[in-house]
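Taking it in order: structure first as structure tokens, then the write-up.
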Amino acid sequence: MNEEMKQLADRLIAVHRLSAEEYEKLITGRDEELAEYLAKAAVAEQKRIYGNEIFVRGLLEISNICKNDCIYCGIRRSNRNCERYRLTEEEILACADEGYRLGLRTIVMQGGEDMHFSDDVLCGIVRKIKELHPDCAVTLSMGERSREGYAKLREAGADRYLLRHETADPEHYKKLHPAEMSYENRMRCLRDLKELGYQTGCGFMVGSPYQTAANLAADIAFVESFKPEMCGIGPFIPHHDTPFAKEPAGSVELTCFLLSVIRLVHPHVLLPATTALGTMHPQGRELGILAGANVLMPNLSPVGVRKKYELYDNKICTGEESAQCLHCLATRVEAIGYRLSEGRGDYRG
Ligand code: SAH
């Protein structure tokens, strides 16, 4: 680590912001020593705010039917080889119950943009979960919707919403999405969610096709200004039935580096060590936590559908029962000096 990089790192640690050009410099000029230096500072911030608790979110993959055609995604509508499924309301409630019994206090419903899950249908499910488990937070990750839809869902009791911005560069956005999707609408959704009082999550893939260091610097600058309560980042992993099948995957090393940078830019942010990170490396999620992440999202979906919710190849945790997944995670975090939290794990802003 040379003197210039050290100075940038120290300023980031002290004032939690750099210019976009400086973020880019940090990314392109990084080495192992810098990564360790930032990780140490990031973990210190995480522990100062959240202690050694890792928050757990039960992830329910409620449908892989999608009207969108994101080029990178395995469940895009053009993928004829994807075997489609949709959970019934009864199945969703049964999985939520199981999560509750296992001690989870956040239920995340994620899915493709499946028109069956209209605002009214989804509101009904959110209401039921909140009625049965009033001490649980309900998080939605159901894509782009109207402001009115987001407002209704919020009134029905949804607490949080995850919608990755995917890239903060409109030109890069166009290379990852079909013409009918827009960067502007994605950003409109994020603004609406925040204004409606959701704990809001943005995020992006690391190493997505055509991504430059300047793009990543823009992503960090976006996180710095938007101040999301949550930020999901994970390596891009190619899916064999998409146009990006032959593209290289993103790196674990760069993902962990960026986790540290994001923790330092926005110390209170809830930052998951994602399943994609775990897919790229057997200890990927532990490495993420040791870089500053503090959230894990075990899979609560019925085992029979987990392989079908295939956003990318070789996704992990598709075979085990939810209880096993949770036990495995508890053991893993204890081995690195953390423990799984029993609470809702709200943002401490
Ligand atoms: N339909 C919802 C949920 C999308 S899936 C929505 O639009 O928000 C959740 C996230 O998985 C996406 O936001 C994307 O960043 C990530 N993802 C999709 N395909 C991926 C791939 N091939 N590799 C890694 N992450 C991927």
(message) For the pair Glu83/Arg101, report the inter-label distance in nm, with labels modelled 7 Å from Cα in the Cβ direction.
(response) 2.6 nm
(message) Limiting things to C-alpha atoms, what are the Rg and the maximum Cα-Cα separation (Dmax) for the range 117-251, in angstroms?
(response) 16.2, 46
(request) Starting from the Cα of Val15, step 7 Å along the direction of its Cβ; do the same at Glu334; then give the gap between the two resulting points in nm. (result) 4.5 nm
(message) Can you report the principal axis dimensions of the chain using only the alpha carbons, biggest first, rounded to whole angstrom?
(response) 59, 44, 38
(request) Could you tell me which of Gln7, Ser182, Thr88 has its Cα farthest along the dipole of the range 3-340 towards the positive end, charges placed at Cβ (Lys, Arg +1; Asp, Glu -1), taken about the Cα centre? (result) Thr88
(message) Quick check on the exposure proxy: order Thr318, Thr139 from fewest to most C-beta atoms within 10 angstrom.
(response) Thr318, Thr139
(request) Compare the Cα positions of Phe257, Val303, Gly284 along the charge dipole of the range 216-349 (+1 at Cβ of Lys, Arg; -1 at Cβ of Asp, Glu; about the Cα centre) and return the one farthest towards the positive end. (result) Val303
(message) Give the aspartates and glutamates whose C-alpha is closer than 14 Å to that of Lys308, dropping any in the same chain fewer than 8 places away, or say none.
(response) Glu61, Glu83, Asp241
(message) If the rule is a partner Cβ under 4.7 Å, which cysteines in the chain fail it?
(response) Cys66, Cys82, Cys95, Cys123, Cys136, Cys189, Cys202, Cys231, Cys256, Cys317, Cys325, Cys328
(request) Enter the Cα centre distance for the pair the range 233-272 and the range 102-127, rounded to the nearest angstrom. (result) 25 Å
(request) Please get the size of the charge dipole for the range 3-340, origin at its Cα centre, with Cβ charges of +1 on Lys and Arg and -1 on Asp and Glu, quoted in debye to the nearest 20. (result) 400 debye
(request) Let me have the 222 nm mean residue ellipticity of the chain computed from DSSP H runs of 4+ only, each contributing -39500 (n - 2.57), with the sum over all residues rounded to the nearest 500. (result) -13500 deg cm²/dmol
(message) Among Gly124, Gly203, Gly58, whose Cα projects farthest towards the positive end of the dipole of the chain, with charges put on the beta-carbon of Lys, Arg (+1) and Asp, Glu (-1)?
(response) Gly124
(request) Of the listed pairs Lys47/Lys227; Lys40/Lys194; Lys25/Lys315; Lys67/Lys175, which have alpha-carbon separations greater than 22 Å here? (result) Lys40/Lys194; Lys25/Lys315
(message) Suppose R0 equals 30 Å. What FRET efficiency, 1/(1 + (r/R0)^6) with r the Cβ-Cβ distance, do Arg127 and His240 give to the nearest 0.05?
(response) 0.15
(request) Grab the eigenvalues of the alpha-carbon gyration tensor for the range 195-322, scale each by 5, take roots, and send me the semi-axes largest first in whole angstrom. (result) 24, 18, 14
(message) What aspartates and glutamates does Lys128 reach when the alpha-carbon gap must be under 16 Å and sequence neighbours fewer than 8 apart in one chain are set aside?
(response) Glu89, Glu90, Glu91, Asp97, Glu98, Asp119, Asp120, Glu155, Asp159
(message) Could you order the peptides 25-38, 98-111 from most to least packed, using the average number of other C-beta atoms within 10 Å per residue?
(response) 98-111, 25-38
(message) At a 10 angstrom cut-off on C-beta neighbours, averaged per residue, how do the peptides 255-262, 244-251 rank from highest to lowest?
(response) 255-262, 244-251
(message) Ranking request for peptides 82-92, 226-236: highest mean number of other beta-carbon atoms within 10 Å first, then the rest in descending order.
(response) 226-236, 82-92
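A short reminder: the numbers here are calculations on the coordinates, not readings from a lab. Here the structure is a predicted model, which is why all the values come from computation and not from measurement. Quick reminder, even Gly has a Cβ in these numbers, built from the backbone with ideal geometry, and neighbours come from all protein chains shown.
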